[in-house]
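Beneath this line is the structure, given in structure tokens, with notes to follow.
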Amino acid sequence: QVRLMESGGGLVQPGGSLRLSCAASGFRFSSYAMSWYRQGPGKERELVASINSGGGRVNYGDPMKGRVIISRENANNTVYLPMNSLKSEDTGVYYCKARRELPGSVASEYWGQGTQVTVSS
């Protein structure tokens with residue numbers, strides 16, 4: 001059974017830090033690109049960061065660029081997202097996504113349930 005379990009969310013003051021983790025199971029983690037998305041109240045889901053299957057290529061969405069670093073440990077089936085200098089507008093649910101595209105095949109994609117991040121004084 002495929003499972004993506006996010007953790008590390010919580011309440012933090014503006015300017016603070018959090019470290020999100022996403023533990024994967026039930027599929028071949030090392031073959032999948034991993035991403036973090038977020039969805040703020042009343043907003044659409046948006047990309048925070050992504051990393052390819054081998055970990056050598058990363059991409060960051062504009063909202064948190066320079067304040068987050070995505071990394072992965074294929075040996076532990078886990079992807080990480082430390083976040084710094086958090087702002088109130090970073091409040092939202094943060095989701096982990098796994099995706100694999102093979103030539104000639106429909107892409108496989110899985111989502112976690114999300115972890116709440118609240119930035120407030």
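The values are calculated or read from the model by the stated rules, or taken from the named source; none is laboratory data. Computed from a prediction, not measured in an experiment: that's the story for all the values here. Side chains included, ligands, DNA and RNA excluded: accessible areas come from the protein's heavy atoms. Shrake-Rupley method; radii C 1.70, N 1.55, O 1.52, S 1.80 Å.
Take the residues in region 1-16 that are assigned to a loop (DSSP other than H, G, I, E, B) and at pLDDT 95 or above; name whichever of them is most open to solvent (accessible area, probe 1.4 Å). Step by step, filter region 1-16, then rank; the result is Q13.
Hey, can you tell me all the residues within region 17-32 that are open to solvent by 20 Å² or more (accessible area, probe 1.4 Å), under 19 Å from A98 (Cα atoms), hydrophobic (A, V, I, L, M, F, W, C) and in a strand (DSSP E or B)? Even if it seems obvious, please write down each step before you answer.
Keep residues of region 17-32 that are open to solvent by 20 Å² or more (accessible area, probe 1.4 Å), which gives 17-19, 21, 23, 25-28, 30-31.
Going one step further and asking which of them are under 19 Å from A98 (Cα atoms), we end up with 19, 21, 23, 25-28, 30-31.
Among the residues that remain, those that are also hydrophobic (A, V, I, L, M, F, W, C) are: 23, 27.
Hit for region 17-32 is A23, nothing else.
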